[in-house]
Amino acid sequence: MTPVDDTAHSQDLLLFLASTAHDMKNSISVLSGTLERLLLEAGPPTRGDPAAHSASASPSAYPQMAQMLYQTRRLNDNLMQLLALYKRVGTPEYPFDVQPIEAGQLLEQVVALGRVLLDAKGIALEVEGDRELIRHLDEDLIVGVVSHAVNNAAHYTRDRIRLSLREVDGLLEIRVEDNGAGYPQALLAAGAAGLNENASGIDFRTNSAGLGLYFSREVARMHRHRGREGSVRLENGGALGGGCFILSLP
C-alpha cells in the first residue's frame, strides 16, 4: 500500500483554496467596480432633484447600493488578506517588497480607494499628516491594511472619519479614527491578545474583525528596522471620541 504524502496533499489543498479565493476576488472586484460606477452616475440623493435619478439608482435604492458596495469591499478585503497570508505560509519566502514612499502618496491611495463608498454613505473624511515624510514599507500591504481600517470605520462611525499620519518616537503612526460608539470591549480584548506573543491569537468569533486584526498585525510585524518591529493597537477616544485603529511602523 502506497503511503499518503500528507505534506504534498496539504500544499495541493492550499493551492486550490488560494486559486478559488483569487477567482472570487476577481468576481467581487468586478461587482464592486460596477456599483461604484452606478453610484457615481446617480450621485447622492441630496444632490439636485430626486426625480432626476435614473431608474437604475432611484433615491430609495441609493442607500441600499451604498450598503452593497460596503459589503463587497469587506469581502474583497478579506479575500485579499487570505491570499496575502497564503503567500506567507504557502511558499518558502513571502514576496515582501519594501520601497521608499512619501506619506502623501500613501494617503492619496487610501483616500482614492474609499472616496466613492464614503461619499455614498455621507461620511466626511478628514486627512492630516506630514505629506513629505518618507518611510520604507511594502506599499500594497500597508495601503490594504489602512483601507480595511477605513472601510471598517465607515460601518461604525456616525458621519466622520479622521485619517492621520505622523512620526511618534521614531515610528510612523497611522491612525484611523471615527466618531461612532467605539470598539466593543470584546474586540479591544481581542486586539490586545493579538499583541501578546504568548496568546493563541485573535478570536475569530469576535464580530467579523478577527481576520482583519490578524492580517494587520502580521503585516505590521513584517516591517522591522534596527531591532524594532511594527505593531497594531485598538483604542477608544482619540480626536473624534470613537474607535481608533493605530498602526505603528519603524
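Sequentially through segment 31-43, phi angles give Karplus couplings (6.51, -1.76, 1.60; θ = phi - 60°) of 4, 4, x, 5, 5, 4, 5, 5, 5, 5, 5, 6, x Hz, Gly and Pro residues having no value and appearing as x. Measuring with a 1.4 angstrom probe and ignoring ligands and nucleic acids, GLU167 comes out at about 100 Å² accessible.
Among ASP119, ASP169, what's the order by accessible area (1.4 angstrom probe), most exposed first? Spell out each step's value before the answer.
Working: ASP119 75, ASP169 120 Å².
Largest accessible area first, the residues go ASP169, ASP119.
The phi-based Karplus calculation (6.51 cos²θ - 1.76 cosθ + 1.60; θ = phi - 60°) puts the 3J(HN,Hα) values of segment 237-250 at x, x, 5, 10, x, x, x, 10, 9, 10, 10, 10, 10, x Hz, whole numbers, x for Gly and Pro.
Here's how it looks for ARG162: its modeled amide H is under 5 Å from those of GLU126, GLU177, ASP178, which are all 5 or more places away or on a different chain. Annotation: amide H of LEU137 within the under-5 Å range of GLN99, ILE101, sequence separation 5 or more or interchain, hydrogens built in the peptide plane.
The values are calculated or read from the model by the stated rules, or taken from the named source; none is laboratory data. Keep in mind that what you see is a predicted model, and the values were worked out from it rather than measured. Quick note on the areas: whole protein, heavy atoms, side chains included, nothing else; ligands and nucleic acids left out. Shrake-Rupley method; radii C 1.70, N 1.55, O 1.52, S 1.80 Å.
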